[in-house]
Every structure is written in structure tokens, then in C-alpha cells.
1. For the range 130-137, check the following and say yes or no: at least one residue is modelled with pLDDT under 95, of a type in the set (Lys, Arg) and either in a strand (DSSP E or B) or under 20 Å from ALA82 (Cβ atoms) (or both).
2. What are the residue pairs meeting all of these: first residue in the range 1-17, first residue more than 9 Å from ALA66 (Cα to Cα), second residue surrounded by fewer than 24 Cβ atoms within 10 Å (Cβ to Cβ) and of a type in the set (Asp, Glu), Cβ atoms under 9 Å, and 6 or more apart or on different chains?
3. Any chance you could count how many residues in the range 26-38 are outside any strand (DSSP E or B) and either closer than 13 Å to PHE6 by Cα or at pLDDT 95 or above (or both)?
4. Cβ-Cβ distance below 8 Å, separation of 6 or more or different chains: which pairs start in the range 173-197 with a residue that is over 19 Å from LEU68 (Cα atoms) and end on one that is of a type in the set (Lys, Arg) and surrounded by fewer than 21 Cβ atoms within 10 Å (Cβ to Cβ)?
5. Would you be able to say whether some residue in the range 144-160 is on the phi > 0 side of the Ramachandran plot and either assigned to a loop (DSSP other than H, G, I, E, B) or among the small types (Gly, Ala, Ser) (or both)?
6. Return yes when ARG75 is surrounded by fewer than 24 Cβ atoms within 10 Å (Cβ to Cβ) and modelled with pLDDT under 95 and no when it is not.
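The values are calculated or read from the model by the stated rules, or taken from the named source; none is laboratory data. All values derive from a computational prediction rather than experimental measurement. No Cβ is skipped: glycine too gets one built from the backbone with ideal geometry, and neighbour counts run over all protein chains shown.
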Amino acid sequence: MKLTVFGATGGIGGQIVRQALAAGHHVTAVVRDPARFTVTGQRLEVVGSRLDDPQALREAVAGRDAVLSGLGPRRRSDAGVAARLTRSVLTAMEAEGTRRLLVVSAAPLGTAPEREPLRDRAMLSVVGAVLKPVYDDLRVMERELADSAADWTAVRPPKLLDKPLTGRYRVAVGGNPRSARVIGRADVAHAMLAMTDDPATIRQGVGVAY
């Protein structure tokens, strides 16, 4: 497949690029500063571009089978970046007729499963309160997705870890896995690539966790 990856210098985005190349896909990595991007590969194109200008992004998404985005706030002070930049990506995709989009959201936006342990419900509630500006940003982003014509998927991980790829994790379409507490960034990337051609995940929030 021909894939475009936004946020490719981040933890999840970088893993998407590496795993996609290893799987034989052609990858366009869109970054603000190409000098910061160290991944190489024969099927890799690195594009430096402003991410808040839809016109500048059109060439990067034109003719692609799917767009995968690791864009999002890394701290409370970044709140607002996910909705704003995803809006630019959606506008560029609509202009070029590219439909498939997968983005990173967060577990607190998902529906808790039945019989979720009280401890896990409480933990999500506390995290949601502490990081309220971040999750408000992601809620706006998900509303933008829902209002668009894109074939989108919002992947909702819990707490992220830096650990090697395992390929062993749980997936819940339309909600969260029971007791969803942690997952590695490499496995989030793996899940996103697996969902790229999965019609069951289109226009859905999907929880992922160990």
C-alpha cells in the first residue's frame, strides 16, 4: 500500500513508519523538520511541510491508500494541536479524494466495558480530570472526524509505554477492552497498520490495550 504518516517524528508515528517499511509498504513521512527524522528506507519519502496549511499537505496525501496520524498533544500546554492539525489533514484529504484516515486518540474517550472493575473506572476518571485540556482537544478532533466524509478510525490507547513490539494486545471496536491500563507505542502502531484495511473499524473508535 501507499501510506502517508503524520507525526512521524513521534513515538507512535516513528513506529508506524518503521513497521510499514518492514512490511513492504511505500511510505510518505510528513514532518515539520526533516533534519530531525532519522529513519531511512528505499520505499520512504520524507516531506517537510507546515502541518497547519491544508494546501501544503495535498500532494502528500494525493493518491494514497491510507493516511495514519500520530499527531496530538504531548503535554497539557499542547492542548488544541490535535483538533487543529487533524482538521488540516482532513481538508487536504477531501480535496484530493483520499478517504482512509487513522488517528491516535485516548482511552478515556471510549465507552467503558460492562463489569469494568471500579478501580479501573476510577483511574480513568482521575486521569481524565488531570489531563482535561488534552482530552477536550481529542474530543473536538473526534467530532471533526465524525462530521467529515472520511473513512476514519480513532485508535484509543490507555497509558503509553516505550517497549518492544509484542503483537499481543486486545482490541475493542466501539469501546475499550476490560481493565485497559497500558500498551506500548510499538503495539499501537502495529494495531493501526492492521486496521488500515479492516472495514469493521471504519468510522469507529477502537480501544487497544494489553
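1. Yes, the range 130-137 contains a residue that is modelled with pLDDT under 95, of a type in the set (Lys, Arg) and either in a strand (DSSP E or B) or under 20 Å from ALA82 (Cβ atoms) (or both).
2. Short answer, once both residue conditions are applied: THR9/ASP33; GLY11/ASP162.
3. Adding up the residues that qualify gives 4.
4. These pairs meet every condition: PRO177/ARG170; ARG178/ARG115; ALA180/ARG170; ARG181/LYS159; VAL182/LYS159.
5. For the range 144-160, residues on the phi > 0 side of the Ramachandran plot and either assigned to a loop (DSSP other than H, G, I, E, B) or among the small types (Gly, Ala, Ser) (or both): absent.
6. yes
One line per residue, one yes/no per condition, for (1) at pLDDT 95 or above; (2) farther than 17 Å from LEU165 by Cβ; (3) part of a helix (DSSP H, G or I):
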residue	(1), (2), (3)
THR4	yes, yes, no
THR9	no, yes, no
GLN15	yes, no, yes
ARG18	yes, no, yes
